[in-house]
1. Kindly provide the set of residues from the stretch 91-100 that are outside any strand (DSSP E or B), of a type outside the set (A, V, I, L, M, F, W, C) and surrounded by fewer than 19 Cβ atoms within 10 Å (Cβ to Cβ), ordered by number.
2. Could you list, in sequence order, the residues of the stretch 161-212 that are among the acidic types (D, E) and either part of a helix (DSSP H, G or I) or surrounded by fewer than 18 Cβ atoms within 10 Å (Cβ to Cβ) (or both)?
3. Can you find a residue in the stretch 214-227 that is in contact (Cβ under 8 Å) with a residue 40 or more places away in the chain, within 26 Å of N62 (Cα to Cα) and aromatic (F, W, Y)?
4. Condition test on E123, is it over 23 Å from L20 (Cβ atoms), in the same structural domain as N62 (by TED's automatic domain parsing) and surrounded by fewer than 16 Cβ atoms within 10 Å (Cβ to Cβ)?
5. Please go through the stretch 42-90 and pick out each residue that is hydroxyl-bearing (S, T, Y) and either surrounded by 19 or more Cβ atoms within 10 Å (Cβ to Cβ) or over 16 Å from L20 (Cβ atoms) (or both).
6. Do you know which residues across the stretch 213-231 are of a type in the set (V, I, T) and assigned to a helix (DSSP H, G or I)?
7. Report whether or not T168 is closer than 24 Å to M102 by Cβ, at pLDDT below 95, among the β-branched types (V, I, T) and in the same structural domain as K5 (by TED's automatic domain parsing).
Amino acid sequence: MLELKAINAGYGNVQVLRNLSLTAKPGQVTCVMGRNGAGKTTMLRTIMGQVQAQAGSITLNNTPLHGLPAHEVPRHGIGYVPQGRRLFGELTVAQNIEIGLMTRHKTAKTRDYVLSLFPRLRERLAQRSSTLSGGEQQMLAIARALCLEPAVLLLDEPTEGLQPSMITLIRETLLTLKATGVATILVEQRVDAVLSMANQIAFVSNGTVAETLENTNLTPATPQFQTYVGI
C-alpha cells in the first residue's frame, strides 16, 4: 500500500502541495481529478522523488520513500508514466523495453508478459519509438513502466489525445493489472474513463485532497465533478 501523509512540496519558494494525504491500495485504481494547476502532476513527481517533499511522509508497505534520490524510487517498485510519455525517441521499441527491465533486473519472462498485454509492440520491436503513432507511444510508455513489475503504477493523463480504441485498450490493461494486485494512481480528466475503472476518486484542489469518494453509484452528474473539475 502506498501512503502519502501530510505532504508539502513545491518549486523553490512556490508551494504547490499543502498537507496532501492519499492512500493507494493493492488491486485498486485510485483516480485523481482536479482543475489544471491543482497539484496533481506535482504529487506524482513528489512520489517519484523528482520534487522533494518539504514535510510529511511517503511510504510503500511501511518503507519510507520520501528523501530517496529519484533514481532509487523505481527500484522499490514504483512505475511512472508521465504526461507526454518521455520515451527515448531515438531508441527502438525493444531498447526502451530493455531499459525498463534493467531497472529492477527483470528477465525475458517479464518482457514476454508485458508484450502479451500489448501485442502490437511485439510487431514493432525493431522500430524507432519516435516513429510510432501517439497511441503506440503510450502503449510503449506503459509497457516500459510495467517492466519493473511494479507494486504501484502512476499514470498522468494516459488517454490524452488518443482515439477511442486506444483508450479502451488502456482501460482493459489497467483492469488486468488491478486483478493482479497492482495499486494504480491515475491522474485523469475524462469522467467516462474514470467511472469505468476507478475504485475511488480523490479530488485535488489548491494542493490538497479536498474529498475522496468511493466509486459505487457515481455518475457524470455527481456534483463533485463540477465543483472540483469543472465538467
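1. From the stretch 91-100, those outside any strand (DSSP E or B) are 91, 93-100; that's our starting set.
Next, only the ones that are of a type outside the set (A, V, I, L, M, F, W, C) stay: 95-96, 98, 100.
Matches in the stretch 91-100: Q95, E98.
2. Just the residues of the stretch 161-212 that are among the acidic types (D, E), to begin with: 172, 188, 192, 211.
Across the stretch 161-212, the qualifying residues are E172, D192, E211.
3. Among the residues of the stretch 214-227, not one is in contact (Cβ under 8 Å) with a residue 40 or more places away in the chain, within 26 Å of N62 (Cα to Cα) and aromatic (F, W, Y), which makes the answer no.
4. Details: over 23 Å from L20 (Cβ atoms): yes; in the same structural domain as N62 (by TED's automatic domain parsing): no; surrounded by fewer than 16 Cβ atoms within 10 Å (Cβ to Cβ): yes.
So E123 fails the test.
5. Start the filter on the stretch 42-90 by keeping residues that are hydroxyl-bearing (S, T, Y), which leaves 42, 46, 57, 59, 63, 80.
Result: T42, T46, T63, Y80.
6. The first filter runs over the stretch 213-231 and keeps only residues of a type in the set (V, I, T), leaving 216, 219, 222, 227, 229, 231.
T227, V229, listed by residue number.
7. Values: closer than 24 Å to M102 by Cβ: no; at pLDDT below 95: yes; among the β-branched types (V, I, T): yes; in the same structural domain as K5 (by TED's automatic domain parsing): yes.
Considered against the rule, which asks whether it is closer than 24 Å to M102 by Cβ, at pLDDT below 95, among the β-branched types (V, I, T) and in the same structural domain as K5 (by TED's automatic domain parsing), T168 comes out as no.
Matching residues to (1) assigned by TED's automatic domain parsing to the domain that holds L2; (2) in contact (Cβ under 8 Å) with a residue 12 or more places away in the chain; (3) touching a His at 6+ places or on another chain (Cβ under 6 Å):
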site: I58; (1), (2), (3): yes, yes, yes
site: E90; (1), (2), (3): no, yes, no
site: A94; (1), (2), (3): no, yes, no
site: S116; (1), (2), (3): no, no, no
site: S129; (1), (2), (3): no, yes, no
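The values are calculated or read from the model by the stated rules, or taken from the named source; none is laboratory data. What you see is a predicted model; the values in this text were computed from it and never measured. Neighbour counts run over all protein chains shown; Cβ positions are idealised from the backbone, glycine included.
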